[in-house]
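Scroll down for the structure; my scribbles are underneath it.
The values are calculated or read from the model by the stated rules, or taken from the named source; none is laboratory data. Note that this is a predicted model, so its numbers are computed, not measured. Note that we place each Cβ from the backbone using ideal geometry, even for glycine, and neighbour counts take in every protein chain shown. Accessible surface is based on the protein model in full, side chains and every heavy atom, while ligands, DNA and RNA are left aside. Shrake-Rupley method; radii C 1.70, N 1.55, O 1.52, S 1.80 Å.
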Amino acid sequence: MEWSAPAIVLSARPHGEADLHLALLTEAHGKHPGLARGGQSRRQVALWQPGNLVEARWMARLAEQLGSYTAEPVHAAAAHAMDDPLALAVLSSGCAMADAALPEREPHPAVFRGLVEVIRALARGGETGLAPYVRWEALLLAELGYGLDLSACAATGRREGLRFVSPKSGRAVSEEAGAPYADRLFPLPSFLLDPAAPGDAAQWEQALAITGHFLSRDAFGQQHRPLPPARERLQDRVTALALAAVRD
């Protein structure tokens, strides 16, 4: 059994003294495990950093076996993010979330393409990647069967004046219908309704609170697991960014 495909390195864990146990995300094969023989060597270790885009080749005798990986570098996203703490936090969170939430060997092409777009945006800086990242988390929720519905007000059906999100249903609520219950609803950041809008620090914090709530409750809560620590660190960093913006 053998295939080759563009892939994102999601995780790389030591296996024995020399090898790495990998999880790679591809468009057609989903999150796919494998071994990198000699992956801990100086020659290979930089290749297998989480977040890197590679052209991967997987081989095994049988389809159900763990198999082994070789790869050629395409984009060293991890190295580029090292000088930008926010970009590194976004990249680490995306890889950790995909690795923890996605089932093995189940194709989710939209999740793969969306994470590639996040990595491309991060090449222009961490703040540039935050809006695509939040939209990617919303996409991940939808792919896992827990999608948000921000198309119309849950109470009135109106498509205008949407200002809140229900923490129970994940549906949008208009300003008029939600005002009496505002303290029990999430504020709806306007950039989530406009694919071209970049948002700002306060809105990114609000949006991460929304996606984090539903990912924690549904995608991870169903498995009795917490969100990955990398996701919690990203939330903390964006919260600090929003507070700094208010002080300025």
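Shape of segment 1-152 from its Cα gyration tensor (a ≥ b ≥ c, root eigenvalues): rounded if a/c is under 1.5, otherwise prolate when a/b > b/c, or oblate?
oblate
Local charge sum around Ala23 (other residues, Cβ-Cβ under 9 Å, Lys/Arg +1, Asp/Glu -1)?
For residues surrounding Ala23, the net value is 0.
Tally Lys and Arg at +1 and Asp and Glu at -1 over the other residues with C-beta under 10 Å from the C-beta of Ser68: what net charge comes out?
Numbers: positive: Arg37, Arg57; negative: Asp19.
Neighbour charge sum, excluding Ser68 itself: +1.
Can you bin segment 1-55 into rounded, prolate or oblate? Criterion: square roots of the alpha carbon gyration tensor eigenvalues sorted a ≥ b ≥ c, rounded for a/c under 1.5, prolate for a/b above b/c, oblate for the rest.
Prolate.
Using a ≥ b ≥ c from the Cα gyration tensor of segment 162-214 (square roots of the eigenvalues), is it rounded, prolate or oblate, where a/c under 1.5 gives rounded and otherwise the larger of a/b and b/c decides, a/b for prolate?
On the way: a/c = 1.89, a/b = 1.45, b/c = 1.31.
The shape class here is prolate.
Where the accessible area of the chain is counted over protein heavy atoms with a 1.4 Å probe, how much of it, in %, is carbon and sulfur?
The nonpolar share, carbon plus sulfur, comes to 53 percent.
Using alpha carbons only, how many degrees (0 to 90, rounded to 10) separate the axis of helix 201-214 from the longest principal axis of the chain?
70
Positive end of the dipole of the chain, charges at C-beta (+1 Lys, Arg; -1 Asp, Glu), about the Cα centre: which of Leu62, Gln203, Ala155 has its Cα farthest in that direction?
The residue sitting most towards the positive pole is Leu62.
Relative contact order of segment 165-248: what whole-number percent is it, with Cα pairs under 8 angstrom and at least 6 residues apart?
Relative contact order of segment 165-248: 26 percent.
Counting each DSSP H run of 4 or more residues in the chain as -39500 (n - 2.57), what helix-only mean residue ellipticity at 222 nm follows after dividing by all residues, to the nearest 500 deg cm²/dmol?
-11500 deg cm²/dmol
Treating the angle as unsigned and between 0 and 90°, give the value, to the nearest 10°, between the Cα long axis of helix 126-143 and the longest Cα principal axis of the chain.
90
What's the local net charge at Gly126, with K and R +1, D and E -1, over the other residues with C-beta under 12 Å away? Before the final figure, lay out the partial values.
Values: positive: Arg124, Arg237; negative: Asp83, Asp84, Glu127.
Charge balance near Gly126 sits at -1.
For the chain, calculate the relative contact order in percent as a whole number, restricting contacts to Cα pairs under 8 Å that are 6 or more residues apart.
Details: 455 pairs, mean separation 36.9, N = 248.
So the answer I get is 15 percent.
With every protein chain kept in place and ligands, DNA and RNA left out, what is the accessible area per residue of the chain? Probe 1.4 Å, answer in Å². Working shown, then result.
Details: 12340 Å² over 248 residues.
Spelled out: the 1.4 Å probe surface of the chain, per residue, equals 50 Å².
Expressed as a rounded percentage, what relative contact order does segment 1-132 have, with Cα pairs under 8 Å and six or more residues apart? Before the final figure, lay out each step's value.
Details: 269 pairs, mean separation 34.6, N = 132.
After rounding, I find 26 percent.
Using unit Cβ charges (K, R positive; D, E negative) and no other charged atoms, how large, in debye to the nearest 20, is the dipole of segment 93-195 about its Cα centre?
Numbers: 11 positive and 13 negative charges, 23 e Å.
Computed charge dipole of segment 93-195: roughly 120 debye.
For the chain, find the longest principal axis of its Cα atoms and tell me its angle to the long axis of helix 85-101, 0 to 90°, nearest 10.
80
Where the only charges are on Cβ atoms (+1 Lys, Arg; -1 Asp, Glu), what is the dipole of the chain about its Cα centre, to the nearest 20 debye?
Result for the chain is approximately 300 debye, rounded to the nearest 20.
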